[in-house]
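Working notes, beginning with the structure itself.
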Amino acid sequence: MRLPLADAHSGAIGLFMLLALLGFADATYLTVEHFRGVIPPCSVTEGCATVLTSQYSVVLGMPVSLLGSLYYLTIAVGAFLYLESKHGSGKISRYHSMILKGTYLMTALGFLMSLWFVYLQLVILKSICIYCMGSATTSILLFLVAIYMLRNSSKAQPEAPISLIDP
């Protein structure tokens, strides 16, 4: 059975998953420190305290880092589901294309949010948090790897319609 989108290069999907897990670790560390009331040490720059305690560090009562953790977890789960839909059988294999495209779209959202947060640090706050810049770098790399995988997957295969009814 040929899938709607061909397999992404295994090295690229491995890198994709690794980046998602690194981003998750970074954002989760910041989230834990936020709830502990601790500012992580900033060895390279001195702006962590400024950035992590600014009005922009919390959205609707949640630390931005928690949203980042959820974002990276979603990307990692999307990559896992992609692999499962690629090798699995049954209902999940029908959603192969949708899983792949949805995960790629999420990286575009992460990319745009990262640009916003870098702008806030550099222009508005005039301070740099090394952990936040690490997360932004990770998010941008995820977006670039997603573009690479999308461009190299199934250029010749037409989209197959997705049926929600068992054949």
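The values are calculated or read from the model by the stated rules, or taken from the named source; none is laboratory data. Just so it is clear, the structure is predicted and the values come from calculations on it, not from any experiment. Counting neighbours? That spans all protein chains shown, and the Cβs are built from the backbone with ideal geometry, glycine included.
Given the structure, is Tyr119 part of a helix (DSSP H, G or I) and either in contact (Cβ under 8 Å) with a residue 60 or more places away in the chain or buried (at least 22 other Cβ atoms within 10 Å of the Cβ) (or both)? Please lay out each step first, then the result.
Values: part of a helix (DSSP H, G or I): yes; either in contact (Cβ under 8 Å) with a residue 60 or more places away in the chain or buried (at least 22 other Cβ atoms within 10 Å of the Cβ) (or both): no.
In short, no.
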If the requirement is being at pLDDT 90 or above and more than 11 Å from the chain's Cα centre (by Cα), which of these qualifies: Leu52, Leu73? Leu52
Pro63: passes all of (1) in contact (Cβ under 8 Å) with a residue 60 or more places away in the chain; (2) under 18 Å from the mean Cα position of the chain (by Cα) but (1)
Taking interchain pairs and intrachain pairs at least six residues apart, which have beta carbon atoms under 7 angstrom, with the first residue in region 81-104 and surrounded by fewer than 14 Cβ atoms within 10 Å (Cβ to Cβ) and among the hydroxyl-bearing types (Ser, Thr, Tyr) and the second at pLDDT 80 or above and in a helix (DSSP H, G or I)? none
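Suppose the filter is at pLDDT below 95 and part of a helix (DSSP H, G or I); does Gly14 pass it?
For Gly14, the condition - at pLDDT below 95 and part of a helix (DSSP H, G or I) - is met.
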